[in-house]
Amino acid sequence: MGPEDRLPPGQYVPRGWPVLHYGPVPKFRPERWDLRVYGATEAGREYQWTWPEVEAMPRAKVTADFHCVTKFTVPDVGWEGILTATLVRLAPPAGEATHVMVWAEYGYSANLRMTDFLAETTLLATHRDGEPLAPDHGAPLRMVVPHLYAWKSVKWVRAIEYLTVDRRGFWEERGYHNVADPWREQRYSYQEDDLPA
Ligand SMILES: Nc1nc2c(c(=O)[nH]1)N[C@H]1C(S)=C(S)[C@@H](COP(=O)(O)O)O[C@H]1N2
Ligand SMILES: [Mo]
């Protein structure tokens, strides 16, 4: 089955790989960078790793299509990085944690249901198609949630916050859908009134 035959409703395959984000591209300074996991952790404490520690974590590859709500779908993207399954083994969430907030540089954020965060194909990527991520595509570390619209695939990730109550992220507060399933065309927040999630 070719990429054109497996597009979610309303999507098309663009030429190349568009770059899309709000605001400037942050500069990566390894000595000032860390990755934190905080909020509702099982141990009740916060976790923090340096860039070399993140680079040393167990790695995996995922190939998936990438769906932006502005309607382009980039087919067959080969991601490599750290599976969220690995991250939650290192930093287990409390039993009550139902959602996560993914935080980026400059305060961008996106919320995910724990089930979406823990999906088999969700990862924190460092590489795309065998190359380190370019700065404008989220280097050094980006979230990739292939089964949801790509505003949930947060670039320049700095923290994961485990939540016991859902909270809306940057675009979810600005009119975009809380869940963002492209197969159900969950684009806008007003659609949340239509049907039970
Ligand atoms: N930090 C951050 N991550 C972000 C965004 C952003 O504005 N800031 N935009 C999102 C949107 S809407 C899309 S479509 C994808 C685009 O990823 P790309 O530029 O690698 O194609 O990044 C997502 N991640
Ligand atoms: Mo997007």
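The values are calculated or read from the model by the stated rules, or taken from the named source; none is laboratory data. Quick caveat: nothing in here was measured; it's all calculated off a predicted structure. Note: ideal-geometry Cβ built from the backbone for every residue, glycine included; neighbour counts use all protein chains shown. For the accessible areas, the whole protein counts, side chains as well, though only heavy atoms, and no ligand, DNA or RNA atoms are used. Shrake-Rupley method; radii C 1.70, N 1.55, O 1.52, S 1.80 Å.
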Got a sec? Charge dipole of the chain, +1 on Cβ for Lys and Arg, -1 for Asp and Glu; which of T86, L141, T164 is way out at the positive end? L141
Go through the range 131-141 residue by residue and turn each phi into a ³J(HN,Hα) via Karplus (6.51, -1.76, 1.60, θ = phi - 60°); whole Hz please, and just put x for glycine and proline. 10, x, 4, 6, x, 6, 9, x, 4, x, 8
Choice from G130, G16, G169 showing the highest fluctuation, given a GNM over the chain with Cα pairs closer than 10 Å: G16
Relative to the compact-globule estimate 2.2 N^0.38 Å (N residues), the Cα gyration radius of the range 120-182 stands at a ratio of 1.19
Under Karplus coefficients 6.51, -1.76 and 1.60, residue-wise ³J(HN,Hα) of the range 56-70 in Hz, glycine/proline x: 8, 5, x, 10, 8, 10, 9, 10, 7, 6, 10, 10, 8, 5, 6
Pick out which of W79, W49, W103 has the largest mean-square fluctuation in a Gaussian network model of the chain, springs linking Cα atoms closer than 10 Å. W49
Model label zone, K61; criterion: amide N under 19 Å from point 7 Å along Cα-to-beta-carbon; scope the range 102-143: 120-134, 142
In whole percent, and with a 1.4 Å probe on the protein chains, what portion of the accessible area of the chain is carbon and sulfur? 52 percent
A chain fully extended from A43 to E4 at 0.36 nm per residue, minus the present Cα-Cα distance, gains in nm 9.4 nm
To the nearest 20 Debye, how big is the dipole of the chain about its Cα centre, given +1 on the beta carbon of each Lys and Arg and -1 on that of each Asp and Glu? 420 debye
Given labels modelled 7 Å from the Cα in the Cβ direction, how far is it in nm from Y188 to T50? 4.9 nm
For the range 30-166, just the Cα atoms, rotate onto the principal axes and tell me the three extents in Å, largest first. 39, 32, 27
Note to self: C-alpha centroids of the range 90-132 and the range 56-70 sit apart, in Å, by 11 Å
Which of D181, D129, D136 is most accessible, then next, and so on - probe 1.4 Å: D129, D136, D181
Where Lys and Arg each count +1 and Asp and Glu each count -1, what net charge lies around R187 among other residues with Cβ under 14 Å from its Cβ? -2
Quick one: accessible surface of R168, probe radius 1.4 Å, all protein chains present, in square angstrom to the nearest 10. 80 Å²
All alpha-carbon distances of the range 1-49, grouped into 5 Å bins from 0, give the whole-percent distribution 4, 12, 11, 11, 11, 11, 11, 17, 10, 1
What translational D, rounded to a whole number of µm²/s, comes out for the range 21-70 from Stokes-Einstein when the hydrodynamic radius is the Kirkwood one over Cα pairs, at 20 °C and 1.002 mPa s? 148 µm²/s
Counting only protein chains, not ligands or nucleic acids, how are L112, L83 ordered by accessible area (probe 1.4 Å), most first? L83, L112
Please identify, among Y106, Y12, Y38, the residue showing maximal mean-square fluctuation in a Gaussian network model of the chain using a 10 angstrom Cα cutoff. Y106
